Ligand SMILES: Cc1cc2nc3c(=O)[nH]c(=O)nc-3n(C[C@H](O)[C@H](O)[C@H](O)COP(=O)(O)OP(=O)(O)OC[C@H]3O[C@@H](n4cnc5c(N)ncnc54)[C@H](O)[C@@H]3O)c2cc1C
Ligand SMILES: Nc1ncnc2c1ncn2[C@@H]1O[C@H](COP(=O)(O)O)[C@@H](O)[C@H]1O
């Protein structure tokens, strides 16, 4: 079987759920090698966490340069591995880090790249949903190796036990990839909620919240979901811009998207209409969000949230 | 300091977008500037203004750069009203069907010959939504990559630049020497409104049109012939169907929770 690489991503020392999904996608295509680029200490810890999915090999590339030089250093290390192994494809998460490494890799290794895919079949037909979900495109890559970034929540993770072999090597970035240095880094202050783009459930508020996001946050926490916002809400300063969903914000594709006091403008839909189930609450029966909602409620969002809260609290 | 700002023409987001033979059908949609690129222009102007101004008689020159169809000239003309000094449009029939690496190669060829110190891009185009061009450009020309900036500070004496990079995971302070490729996130600044005077002045500014031969590129390495990925098919996704719609009469919360339980979402 042909080899396929998976680029492993972690947050706060934990393997991401999206990485597990990548392994699942890859397992249906070829013999999977998971690449872990990190300091040797964290690389070993992450390797321990790859316990599920069809992983044949885990390869650790250890270096301090990843923290200091970020994207160009990662891309150089991965390119070396691609040139050695000539895999049929390498999969990344569609995160900022994943996409930027993939981008440089395409240039360095002269490989075709498709970003934000929702699926790949064994013949490497790559599916993307574009223009905010209004068009489904199937593409192929004509170079020896394909570089593909996949959106989170696009596959049900494979739970079979992994029994991979482990190999490792150390790496040092060359000077041409050390032009920009990370002089300081601080983690983004995170609420105790899942990250928006990968969350299974998203509870979003718009202008209709009038700035009161507390009841939304309560429901999000009861459901283990993330909080999102429309541009009207972020522009008003009610919620940080990094939580904006839509064309100029995040694209989300959760199992459940709850839109509260959001009218359903095309730029908002562009970021959420591939969600599996959409629930909308709006006091205007004509609101266009209802055109795409599986479950629409005409009413006051605060009253509905109150009722839902009662139902969910034992 | 010479600053290039990469701006892209995109279809108006209000219009319905369609693919014809795997290529965006641009005939029926009104083209506009990619909205995040307005922040890139503003940032370029702010940097130049802070360090002695720009244009004739100043140490700086701000150039808008775009690769696109000939109709992008109108978009560039409009964008010049924000205040940049000149514009360059790379347009060639052979560029139709370019993939992202091909676009990056073409932009890189122009940047290389231009003696630029800084290139400023947006982080994402609203049609492609790839967020890859700035990183590809940096790799292709071998310059420092300073992307996803929400704050930029330039030191002209030491010819260094520091940005604050913002991602989902962390806020990183990254520094580099000139030359560098930068990309800016939305909300890094507040783009200005063009004044009447600037709109009139923009009419007289130069927009140079360049093609592949001028740039020393051959048609097999870029455009549809040089693309490494191909669209096999494209179909409109089946439109989402509206489901149930109910009025809140005081008990709809329970109906909703039951609905979600039945679908095994919660
Ligand atoms: C280039 C460009 C990019 C854009 N990018 C984005 C983007 O990324 N994301 C985005 O969201 N928007 C984006 N927009 C803005 C978009 O066009 C809309 O203006 C925005 O989505 C509207 O937000 P909203 O639905 O919260 O507000 P509104 O359209 O004002 O809707 C508020 C809704 O709340 C309802 N409501 C009011 N009170 C209540 C209540 N008590 N209970 C229930 N319902 C109530 C109202 O009936 C109304 O339907 C963009 C626009 C442009 C031009
Ligand atoms: N054809 C183009 N011409 C000029 N700049 C471009 C072009 N395509 C992309 N860019 C720049 O690259 C950024 C990211 O675009 P993308 O990688 O397509 O999402 C945009 O915000 C622009 O600054």
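The values are calculated or read from the model by the stated rules, or taken from the named source; none is laboratory data. Bear in mind the structure is a predicted one, so any value in this text is a computation, not a measurement. Note: ideal-geometry Cβ built from the backbone for every residue, glycine included; neighbour counts use all protein chains shown.
Is it the case that residue A:303 is more than 8 Å from chain B (Cβ to nearest Cβ), touching a helix residue (DSSP H, G or I) at 6+ places or on another chain (Cβ under 9 Å) and surrounded by fewer than 18 Cβ atoms within 10 Å (Cβ to Cβ)?
The answer is no for residue A:303.
Look through the stretch A:217-230, keep the residues that are away from chain B (no Cβ under 12 Å) and farther than 15 Å from residue A:252 by Cβ, and return whichever of them is nearest to ligand 2 (Cβ to nearest atom).
A:217
Which residues, taken from the stretch A:110-138, are free of Cβ contacts under 8 Å to residues at least 60 places away in the same chain, at the interface with chain B (Cβ under 7 Å from one of its Cβ atoms) and under 18 Å from residue A:98 (Cβ atoms)?
Once the filter is applied, which keeps residues that are free of Cβ contacts under 8 Å to residues at least 60 places away in the same chain, at the interface with chain B (Cβ under 7 Å from one of its Cβ atoms) and under 18 Å from residue A:98 (Cβ atoms), the stretch A:110-138 yields A:111, A:112, A:113, A:114, A:115.
What tally of residues in the stretch B:44-99 results from selecting those that are within 22 Å of residue B:211 (Cβ to Cβ) and either within 16 Å of ligand 1 (Cβ to nearest atom) or within 14 Å of chain A (Cβ to nearest Cβ) (or both)?
Qualifying residue count for the region: 5.
Taking the condition of being within 8 Å of the chain's Cα centre (by Cα) and more than 16 Å from ligand 1 (Cβ to nearest atom), how many residues in the stretch B:119-132 meet it?
Adding up the residues that qualify gives 1.
Condition first: in contact with a strand residue (DSSP E or B) (Cβ under 8 Å, 6 or more places away or on another chain) and near ligand 2 (Cβ under 8 Å from one of its atoms). Now tell me which residues in the stretch B:107-125 satisfy that.
Hits for the stretch B:107-125 are B:107, B:120, B:121, B:122, B:123, B:125.
Condition check ((1) under 22 Å from residue A:106 (Cα atoms); (2) surrounded by fewer than 21 Cβ atoms within 10 Å (Cβ to Cβ); (3) in contact (Cβ under 8 Å) with a residue 12 or more places away in the chain) across all residues:
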{"site": "A:37", "(1), (2), (3)": "yes, no, yes"}
{"site": "A:46", "(1), (2), (3)": "no, no, yes"}
{"site": "A:49", "(1), (2), (3)": "no, yes, yes"}
{"site": "A:53", "(1), (2), (3)": "no, no, yes"}
{"site": "A:66", "(1), (2), (3)": "yes, no, yes"}
{"site": "A:71", "(1), (2), (3)": "yes, no, yes"}
{"site": "A:76", "(1), (2), (3)": "yes, no, yes"}
{"site": "A:88", "(1), (2), (3)": "yes, yes, yes"}
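Output yes when any residue across the stretch A:159-174 is part of a loop (DSSP other than H, G, I, E, B), modelled with pLDDT under 95 and under 18 Å from residue A:95 (Cβ atoms), and no when none is.
So far as the stretch A:159-174 goes, no, none of its residues is part of a loop (DSSP other than H, G, I, E, B), modelled with pLDDT under 95 and under 18 Å from residue A:95 (Cβ atoms).
Name the residue that is nearest to the other protein chains (Cβ to nearest Cβ), counting only residues in the stretch A:231-241 that are outside any loop (DSSP other than H, G, I, E, B) and in contact with a helix residue (DSSP H, G or I) (Cβ under 8 Å, 6 or more places away or on another chain).
Residue satisfying both the conditions and the ranking: A:241.
Taking the options A:147, A:138, name whichever one is more than 17 Å from the chain's Cα centre (by Cα) and modelled with pLDDT of 95 or more.
Exactly one of A:147, A:138 is more than 17 Å from the chain's Cα centre (by Cα) and modelled with pLDDT of 95 or more, namely A:138.
I need a count of the residues in the stretch A:244-266 that are in contact (Cβ under 8 Å) with a residue 40 or more places away in the chain, out of contact with any strand residue (DSSP E or B) (no Cβ under 7 Å at 6 or more places or on another chain) and within 16 Å of ligand 2 (Cβ to nearest atom).
Number of matching residues: 2.
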